[in-house]
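Undergrad: Sending over a structure as structure tokens; questions will come in a sec.
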Amino acid sequence: MIKPLRKRHLQIWTALAVLLPLGIIGARIATPKFPAQTLLQPDAAKPLPDILKQREKDNYIVFIRSNPQRSAFQLEWLNKNPLTWPSATIYKVPKGSSVNKGILIGRIESRGTYRFTVDAAFEPEKLSTAQLILYDFIHEQIIDTINF
Amino acid sequence: MGASYLAVGWNRQKKIYDWFIFAFCALYLTTFIAVTALYNPDYTFETALIRSTATLAILLLHVILSIGPLTRINKKFLPLLYNRRHLGVTMFSVALIHGSFSMLQFHALGNVNPFVSLFTSNTQYNSVSQFPFQALGFFALVIFFLMAITSHDFWLHTLSPKIWKALHMFVYLAYFLVIMHVMLGVVQYETNPVLFVMVLAGAATLVTLHLVAGTKEVRKDNRIFKLKKEGFVYVCESQDVPDNCAKIFCIDKERIALFRFENKLYAIHNVCKHQGGPLGEGQIIDGCITCPWHGYQYLPQNGQSPPPFKEKVSTYIVTVEGSQVWLNPQPLPEGTERSGAAIIIPDKQIIENVQ
């Protein structure tokens, strides 16, 4: 190596000796205390025993579950085949409305089973006026609409 | 060193080295994916592949970046330097698999162009924890791509060593981008501090190695030669130069390599014509000074590459007085023939060697 090149190497690594710790420690300090993907439900959520409603599509099945007292409700999303969208969100919207007027229920990924705790608005009688929308939030497009 | 451009100049050593790299990469990826399947069965194969190739590429990058300073600190690491290019291309290939599968999994399944999606799906450039880290990885991969495709000697000659070297020094920018890609990406989603500690330890090791090696070089450059007479400076004792090897001296801002070959001393300019490699850190093989970086060779008596090659470096006049070696730092025209300075071996030493 020629002298100017050696000098440049030393200059670059002196700069990196400052920038790298700044970047690494700065990013670590900014790390949220809880994982950022809070839309994903914990795996531990167990299915409620009663199935109130069920809709089956080619790649997934959606269940509305409840306990015998009908005091708790659950939306269960079961991917039969990998979805062609890496991640998507589920919205509950009044029939005929857009996603903007919907309530975000949660986020799913291409595989697996997801369970979301939902409120009494998911009682079968009330659900007839609403629909679920599977929404690709990255590309801002509706993937599917589910009516009960 | 070859008279014409070949796709890759593989010899037996390089083949062994390449097989070792391949076996290591295959073993690493297999183990990573198997352990993931065992402990996280919900993960898809694509996710396991993305993560395994990411960690492997970063590990290889750290090894690549540590080879240079390690060879300056200890010559035993020189064989790694001879094969650094192969390791670099391997690292790029692994990183490319990581990048391709990431694009496929996160950006290629919608109706938006994956590259547009990469830069538009997240535009929170004003946030640290939500920063679009994928873009950093993409730019690092572009740098690695340019380095990989220009790693052949054809591009070195076409671009000129100066431009080529300047291009390849972008690896340091790429390294910084990779580290921030990890820190603003996966580390933001992990509560386990192991990854953060590993990244910090890797960066600290590299910075320390480079600064130690760089400081050592500066000391070598700043050495003052006090003893002078009639254009010559006293540099060392003749027995200080090991057989078939060299000592390097920086006089008047120029590095000169003083080689010992068949009990004669020869001095040539330390910089190889190929890529600026340090000739004085190489050895004399088959009667030729051999550059440690890529094996370019020069004859010690005239600084010329053996025919049919045409590379030439400057030579210098050396004299030996008793055991003292004196060197004239005024360079002779490149390729100038001069006889080596015979080393006077004391009779006592000869008798001891015979016994």
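Undergrad: So which of A:ILE105, A:ILE146, A:ILE90 is under 26 Å from B:ALA108 (Cα atoms), touching a residue at least 24 places away in the same chain (Cβ under 8 Å), surrounded by fewer than 19 Cβ atoms within 10 Å (Cβ to Cβ) and away from chain B (no Cβ under 14 Å)?
TA: Unique residue meeting the criteria: A:ILE146.
Undergrad: What are the residues in the stretch A:56-75 that are part of a strand (DSSP E or B) and closer than 17 Å to A:ALA121 by Cβ, if any?
TA: Passing the criteria: A:VAL62, A:PHE63, A:ILE64, A:ARG65, A:SER66, A:PHE73, A:GLN74, A:LEU75.
Undergrad: Also, quick follow-up: Between B:ALA54, B:ALA26, B:ALA95, which is among the aliphatic types (A, V, I, L, M), modelled with pLDDT of 95 or more, surrounded by fewer than 12 Cβ atoms within 10 Å (Cβ to Cβ) and part of a helix (DSSP H, G or I)?
TA: B:ALA26
Undergrad: Just a yes or no: is a residue in the stretch B:131-144 closer than 17 Å to B:ILE64 by Cβ, surrounded by 17 or more Cβ atoms within 10 Å (Cβ to Cβ) and out of contact with any His (no Cβ under 9 Å at 6 or more places or on another chain)?
TA: Looking through the stretch B:131-144, at least one residue is closer than 17 Å to B:ILE64 by Cβ, surrounded by 17 or more Cβ atoms within 10 Å (Cβ to Cβ) and out of contact with any His (no Cβ under 9 Å at 6 or more places or on another chain).
Undergrad: Residue by residue through the stretch B:191-203, note down the ones that are free of Cβ contacts under 8 Å to residues at least 12 places away in the same chain and either more than 8 Å from chain A (Cβ to nearest Cβ) or within 26 Å of the chain's Cα centre (by Cα) (or both).
TA: If the condition is that a residue be free of Cβ contacts under 8 Å to residues at least 12 places away in the same chain and either more than 8 Å from chain A (Cβ to nearest Cβ) or within 26 Å of the chain's Cα centre (by Cα) (or both), then B:ASN192, B:PRO193, B:VAL194, B:VAL197, B:MET198, B:LEU200, B:ALA201 are the ones that fit.
Undergrad: Which is out of contact with any strand residue (DSSP E or B) (no Cβ under 9 Å at 6 or more places or on another chain) and within 11 Å of chain A (Cβ to nearest Cβ), of B:PHE131, B:PHE119?
TA: B:PHE131
Undergrad: Something else now. When only residues in the stretch B:101-116 that are assigned to a helix (DSSP H, G or I) and out of contact with any Asp or Glu (no Cβ under 7 Å at 6 or more places or on another chain) count, which is nearest to the other protein chains (Cβ to nearest Cβ)?
TA: B:PHE106
Undergrad: Let me ask something else about it. Taking into account only those residues within the stretch B:299-318 that are assigned to a loop (DSSP other than H, G, I, E, B) and at pLDDT 90 or above, which is surrounded by the most Cβ atoms within 10 Å (Cβ to Cβ)?
TA: Applying the filter and picking the extreme gives B:GLY303.
Undergrad: Related question: Please specify each residue of the stretch A:68-87 satisfying the condition of being within 16 Å of A:PRO47 (Cβ to Cβ) and within 14 Å of chain B (Cβ to nearest Cβ).
TA: A:LEU78, A:ASN79, listed by residue number.
Undergrad: Further, regarding this structure: For the stretch A:52-96, name all the residues that are hydroxyl-bearing (Ser, Thr, Tyr) and either touching a Leu at 6+ places or on another chain (Cβ under 7 Å) or not assigned by TED's automatic domain parsing to the domain that holds A:SER110 (or both).
TA: Matches in the stretch A:52-96: A:TYR60, A:SER66, A:THR84, A:THR89, A:TYR91.
Undergrad: What pairs can you find where one residue is in the stretch B:259-279 and at positive phi and within 14 Å of another protein chain (Cβ to nearest Cβ), the other is aliphatic (A, V, I, L, M) and part of a loop (DSSP other than H, G, I, E, B), and their Cβ atoms are less than 9 Å apart, with a gap of 6+ or different chains?
TA: Going by the 9 Å Cβ cut-off, the qualifying pairs are B:GLY276/A:MET1; B:GLY276/A:ILE2.
Undergrad: Still on this structure, please answer the following. Kindly evaluate B:GLY322 against the criterion of being at pLDDT below 95, surrounded by fewer than 20 Cβ atoms within 10 Å (Cβ to Cβ) and within 25 Å of the chain's Cα centre (by Cα).
TA: no
Undergrad: Follow-up. Looking only at residues that are assigned to a loop (DSSP other than H, G, I, E, B) and closer than 23 Å to B:ASN111 by Cβ in the stretch A:76-87, which one is farthest from the chain's Cα centre (by Cα)?
TA: Looking at the filtered set, the residue picked out is A:ASN81.
The values are calculated or read from the model by the stated rules, or taken from the named source; none is laboratory data. All of these numbers come straight from a predicted model, not from anything done at the bench. Because the Cβ atoms are built from the backbone with ideal geometry, glycine has one as well, and the counts that use them run over all protein chains shown.
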